[in-house]
Amino acid sequence: MPFQKLKPEIKTIIENENLSVDHRLSQVCEVLKENIPYYDWVGFYFKNGDKEELKLRSFAGEPTDHTIIPFGKGICGQVAVSNENFVVPDVKAQNNYIACSINVKAEIVVPLFLNGENVGQIDIDSHTPDPFSKEDEAFLQWVNEEVAEILKAPSA
Ligand code: SME
């Protein structure tokens, strides 16, 4: 698992103040997708202003129609209200699931906290069945903590 090896690479992207926050978020998505074979789509959704919905901010992989997701809907919308990681080994077994592609077999969504508030999430789709472990959860929590640091800046 290349998680430990990827951490310095992600830190370098996050700390690159020459790039906009959106550019850095896109690069983080790309690095995760390109280096972890079972990460086939990687995106960051954030609360859309005052609305009870998520908005897609950055992603790597196929474009999705689901750029806005109401709170409570799908795996992402459920995480927006539960504040907890959601690991889905088999998307077919979920009733409250929004399909983005027929190739997706599994999904993991990890909330992103800013000053203790659930403001968004990282969402990973996989074409591999049941690929996610506790290590993925811990790693993605770490990624979100790093991203939260750049979101604290007033211009973010
Ligand atoms: N499958 C997600 C929707 C977002 S896509 O995976 C990009 C869900 O059920 O919330």
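The values are calculated or read from the model by the stated rules, or taken from the named source; none is laboratory data. In this text, all values refer to a predicted model and were calculated from it rather than measured experimentally. No Cβ is skipped: glycine too gets one built from the backbone with ideal geometry, and neighbour counts run over all protein chains shown. Heads up: the accessible areas ignore ligands, DNA and RNA and are worked out on the full protein's heavy atoms, side chains in. Shrake-Rupley method; radii C 1.70, N 1.55, O 1.52, S 1.80 Å.
Once region 38-57 is narrowed to residues that are within 16 Å of ASP22 (Cβ to Cβ) and among the aromatic types (Phe, Trp, Tyr), the residue that is farthest from the ligand (Cβ to nearest atom) is PHE46. You will find that of ASN35, ASN115, ASN96, the residue that is of a type outside the set (Phe, Trp, Tyr), within 12 Å of the ligand (Cβ to nearest atom) and open to solvent by 50 Å² or more (accessible area, probe 1.4 Å) is ASN96 and no other.
Candidates in region 118-129 are the residues that are outside any loop (DSSP other than H, G, I, E, B) and open to solvent by 20 Å² or more (accessible area, probe 1.4 Å); of these, the one that is nearest to the ligand (Cβ to nearest atom) is ASN118. Within region 63-76, does at least one residue satisfy the condition of being within 10 Å of the ligand (Cβ to nearest atom) and within 16 Å of LYS33 (Cα to Cα)? Scanning region 63-76 turns up at least one residue that is within 10 Å of the ligand (Cβ to nearest atom) and within 16 Å of LYS33 (Cα to Cα). Any chance region 130-153 includes a residue that's surrounded by fewer than 16 Cβ atoms within 10 Å (Cβ to Cβ), of a type in the set (Gly, Ala, Ser), away from the ligand (no atom under 16 Å from the Cβ) and at pLDDT below 95? The answer is yes; a qualifying residue exists. Taking every residue in region 92-103 that is under 21 Å from PRO70 (Cα atoms) and at pLDDT below 95 and pairing it with any residue that is in a loop (DSSP other than H, G, I, E, B) and within 11 Å of the ligand (Cβ to nearest atom), at least 6 positions away or on another chain, the pairs with Cβ-Cβ distances below 7 Å are CYS100/THR64; CYS100/HIS66; SER101/GLU62. Every listed requirement among (1) touching a Ser or Thr at 6+ places or on another chain (Cβ under 6 Å); (2) surrounded by fewer than 19 Cβ atoms within 10 Å (Cβ to Cβ) is met by LEU25 save one, (2).
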